[in-house]
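S.K.: Take a look at this one; I'll ask things after.
Every read-out reported here was derived from the displayed coordinates using simple, explicitly stated rules and does not represent laboratory data. Everything quoted here is computed from the prediction, not taken from an experiment. Positions of Cβ are backbone-derived with ideal geometry, glycine not excepted, and every protein chain shown enters the neighbour counts.
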Amino acid sequence: GNSVTQMEGPVTLSEEAFLTINCTYTATGYPSLFWYVQYPGEGLQLLLKATKADDKGSNKGFEATYRKETTSFHLEKGSVQVSDSAVYFCASGSGNTGKLIFGQGTTLQVKP
Amino acid sequence: GAGVSQSPRYKVAKRGQDVALRCDPISGHVSLFWYQQALGQGPEFLTYFQNEAQLDKSGLPSDRFFAERPEGSVSTLKIQRTQQEDSAVYLCASSLTPPAVEQFFGPGTRLTVL
């Protein structure tokens, strides 16, 4: 079945550091790929998405590129802020319904 | 409000009790999903509705779990004879059309079974 694997956390960075959170997937066909973010005390929010190979999703300075050849969708940001501290989930859309298959989540803590 | 709402936000149940969790999706959204999120884990799919039809219930962990969406809007997830392993956050999400390209999540219901 489909699955998503993302790098384990927690990840601790200083403000303005470069961020990479790795995500790989297994799937039949070419699913849509997503990054969701969960800020402390809040619900899951869609951060960015890509629906086909080589698409780049971007939002709030975050980017991720759908790489079919490496089955990856790594999340990057050039300069993180304290306000980016949250849990990040990589997910793939599955089947005719689009139900989401999530990775286990990566906690990011950014220190001033 | 414009978002997905869930109630109650917190529920404590004694083992063996039945619980009912409610989800109000965004008005007009056809697709509705339920997910279960254990502590420190990513959400896991439970079931899917397209309008009032339950088209996928492959993620329901046992026959103690039952979901309905009788009028194609509000949905209820019911857990009978709760057990400690049912303790988790239950998330509801809705999407305008199937297949769901973007799902909007509610704040979740945190269920604790003692």
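S.K.: Per-residue HN-Hα couplings for segment B:5-15, Karplus 6.51 cos²θ - 1.76 cosθ + 1.60 at θ = phi - 60°, whole Hz, x for Gly and Pro?
M.R.: 10, 9, 8, x, 6, 9, 9, 10, 10, 7, 3
S.K.: Pairs of Cα atoms under 8 Å, at least six residues apart: use those to get the relative contact order of chain A, whole percent.
M.R.: About 37 percent, as a whole number.
S.K.: For the protein assembly as shown, what log10 I(q)/I(0) values come out of the Debye formula at q = 0.07 1/Å, with one point per alpha carbon and no solvent?
M.R.: Once normalised to I(0) and log-transformed, intensities are -0.22.
S.K.: Can I ask one more? Between B:GLN80 and B:GLU102, what is the label-point separation in nm under the 7 Å Cα-to-beta-carbon projection?
M.R.: Result: 4.0 nm between the two label points.
S.K.: Here's a follow-up. Could you give the C-alpha radius of gyration of chain B expressed as a fraction of 2.2 N^0.38 Å, taking N as the number of residues it contains?
M.R.: Chain B yields a ratio of 0.99.
S.K.: Also, I was wondering about something else. Using only alpha carbon positions, build the gyration tensor of segment B:1-44, then give the equivalent ellipsoid semi-axes as the square roots of 5 times its eigenvalues, largest first, whole angstrom.
M.R.: They are 23, 15, 10 Å, listed largest first.
S.K.: Using Cα pairs closer than 8 Å and at least 6 residues apart in sequence, work out the relative contact order for segment B:35-114, in percent.
M.R.: 25 percent
S.K.: Have a look at chain A and give its Rg and Dmax from the Cα atoms, expressed in angstrom.
M.R.: Cα only, chain A: 13.4, 44 Å (Rg, Dmax).
S.K.: Out of residues 5 or more away from A:ASP55 or on other chains, whose amide H comes under 5 Å of its own, with H placed 1.01 Å from N in the peptide plane?
M.R.: Residues meeting the amide H criterion: A:TYR66.
S.K.: A further question on this structure: Please give the residues of segment B:71-85, grouped as numeric ranges, whose backbone N is less than 16 Å from a label point set 7 Å along the Cα-to-Cβ vector of B:ASN51.
M.R.: Residues B:71-74 fall inside that zone.
S.K.: Are there GluC sites (Glu not before Pro) in segment B:34-101 that DSSP puts in a loop and that have at most 10 other Cβ atoms within 10 Å, and which ones?
M.R.: Counting only loop positions with at most 10 other Cβ atoms within 10 Å, the GluC sites (Glu not before Pro) in segment B:34-101 are B:GLU71.
S.K.: At 7 Å along Cα-to-Cβ for each site, give me the label-to-label distance between A:ASN96 and A:SER58 in nm.
M.R.: 3.7 nm
S.K.: In nm, what is the difference between 0.36 nm times the number of residues separating B:GLU68 and B:ALA20 and their Cα-Cα distance?
M.R.: 16.2 nm
S.K.: To continue, here is another question. Among the listed pairs A:LYS77/A:LYS111; A:LYS52/B:LYS57; B:LYS14/B:LYS57; A:LYS56/A:LYS111, give every one whose C-alpha distance is greater than 19 Å.
M.R.: From A:LYS77/A:LYS111; A:LYS52/B:LYS57; B:LYS14/B:LYS57; A:LYS56/A:LYS111, over 19 Å: A:LYS52/B:LYS57; B:LYS14/B:LYS57; A:LYS56/A:LYS111.
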